[in-house]
1. Pairing the Cα long axis of helix 186-199 with the longest principal axis of the chain, what angle in degrees results, from 0 to 90 and rounded to the nearest 10?
2. Go ahead and estimate [θ] at 222 nm for the chain from helices alone: -39,500 (n - 2.57) per DSSP H run with n ≥ 4, summed, over the residue count, rounded to 500.
3. Please label the shape of the chain as rounded, prolate or oblate, based on the square roots a ≥ b ≥ c of the eigenvalues of the alpha-carbon gyration tensor (a/c under 1.5 means rounded; beyond that, a/b larger than b/c means prolate, else oblate).
4. If one computes P(r) from the Cα atoms of region 139-217, what percent of pairs lie at distances over 15 Å?
5. Projected onto the charge dipole of the chain (+1 at Lys/Arg Cβ, -1 at Asp/Glu Cβ, origin at the Cα centre), which of HIS345, GLY83, VAL169 gives the Cα projection farthest towards the positive end?
6. With the contact rule set at Cα under 8 Å and sequence spacing of 6 or more, what percent relative contact order holds for the chain?
7. Taking Cα centroids, how far is region 257-312 from region 54-93 in Å?
8. Check which residues have an amide H placed less than 5 Å from ARG90's amide H, if you skip close sequence neighbours.
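Computed from the coordinates by the stated procedures, all read-outs in this text should not be read as laboratory data. If you're wondering where the values come from, they're calculated on a predicted model, not measured in any experiment. Cβ: placed from backbone, ideal geometry, glycine included. Neighbour counts: every protein chain shown.
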Amino acid sequence: MNYPVESGLLKAMKSIDLIKKVEEETRHLFDGVNNNCYVNQKRVLDIFRQHRVSPLHFNPSTGYGYNDLGRETLESMYAQIFGGQDALVRSQIISGTHAIAGCLTALLGNSDLLVCAPGNPYDTLLKVITGPRGLTSRGIEFQVSKPDDAGGINLTDLEMLVESKPRVVLLQRSRGYSLERRSLTMAEIEKAIQAIKAKSPESIVLIDNCYGEFVETTEPGHAGADIIAGSLIKNPGGGLAAGGGYVVGKSDLVEAVADHLVAPGLGKEIGPSLYDLRTVYQGLFMAPHVVGEALKGAILLAGVMDELGFEVEPGAGAIRGDIVQAVRLKSREELERFVNTVQSHSPVDSHVRPEFAPLPGYTDEIIMAAGTFVQGSSIELSCDGPLRPPYTAFFQGGLSYQHCRYVTAALIELITTTTILVTT
Ligand SMILES: *Cc1c(COP(=O)(O)O)cnc(C)c1O
C-alpha cells in the first residue's frame, strides 16, 4: 500500500495543518472526553472534600505503620471512587501485575477454577497463571473464554464456562498489547457481571482495571464487580505517584488479599507509607484531567495515522474503554523508528536510543519508548512494541495533550520524509 505521500496530498501539507484538520474533524470526540473529565473531576474532588483532606494526610509513617492516617484516608477514598467497600493502596504493591497476582493467589485454592475473558490475559499475567511456578502448577484449573469476532466478550461462551462454577472470573478492561481483543466498556462489563452472577452467584468477579480508570464516569465496583486491581503508575496516579498498586472491593476479599500480601492475621493494619503521600493524593486529584489529555492524544494519533494510510485500533471515532492506541506498522524498522521518535521527543532521556530487548514476563523481545519521569510509567506518553508481526506500536498516556500533539507532528515528519516508510 502506498501512503498518500506519493499522491501529493501530504507533500503540500505541513504536519500542523494535518493535525488541525484532524482536530476539526474530531472536535465532537474531544467534547465527549471533556464532559467525562468534568464529571470525574467533580466526583473525585467531592470525595477529597468529604474526607476533609489536609496537609496532615501527606505525612509519612515509619516502621509498622500503625494508625497511618494518610494511608487509611487514601484507602477509604479509593474504595469510594472505584465503588468498593474497602481498599489497599500501597507502595509495597509494586505493580499492576503484583496487585492482580496477589488477588488471584489470595482467592484461589487447590482445584478451584479460574476463568479469564475475553481471551488470554496480557503476557505477564499469563505467566503468573501458567508459568513454571504459576497458579496451574499449584492445582488451580484455568479456562479462557474466547473473544467474539469483534474482540469483545463472547457472552454465550462465557456463560457456558461459568456453568462450572469458577471461584474467580477475571475480566480485563484494557486491550493490553493485543490486537486479538479490544477494550471493554463499562456497559459491557456490567452486562458480563450480570450474566456471570445469574449463572454462578458465588463466583468472584475480579477486574483488571489497568488503563481503564476515569475513561468513563463509572468504575467496575459500580457495575457489581467484587474486586478490582490496578497500578498507580498508570491512570489513577495521575503521573505524579512514584509507584504502587491498588486493590478495591468487598471488605472480606480485600482483607483476604491483605492477609496474603502481608501475612495472615496482620492484613491491612500494617504498611508504612515511609515517604510523602502528597504525590499520591495530588496524582489522584489530577488523574481525571490527565486521563482526558491521554485520550485526546490517542484520538489525534488515530485520526492522523488513519489519514496517512495506517491501520489503527481503535479507530479515531470508536468508543474507548482504555487509553491504549495501537498503530499497525509494516516492519521491524518502522516500529524501531516510531519508537525512537517518541523517545527523542520525551522530557527525560531524549538522547537515548531504545532497542529491542527481552523483558521479564514477555515472550517476544520488546522495544519501548519510556522517556518518563517515573520509571516505566505508562500514564506518561510512552510507546511499546513486541518484536512480532504484525509489527504494532502501542501508544499510551500523555500528561499533556500538547506533548502528544508535538510527538504526532514529529511522527508525521518521519513518515513524510523517510523513504523506508513508503512501502508497497
Ligand atoms: C499494564 C497492564 C497491567 C499491569 O502491568 P504492570 O506493568 O505489572 O503494572 C495489567 N493489565 C493490563 C491489561 C495492562 O496493560
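1. With rounding to tens, the tilt is 40 degrees.
2. My calculation for the chain gives -12500 deg cm²/dmol from helical runs alone.
3. It comes out prolate by the Cα gyration axes.
4. 55
5. It is HIS345.
6. 19
7. When both Cα centres are located, 16 Å separates them.
8. The list, which skips near neighbours in sequence, is GLY245.
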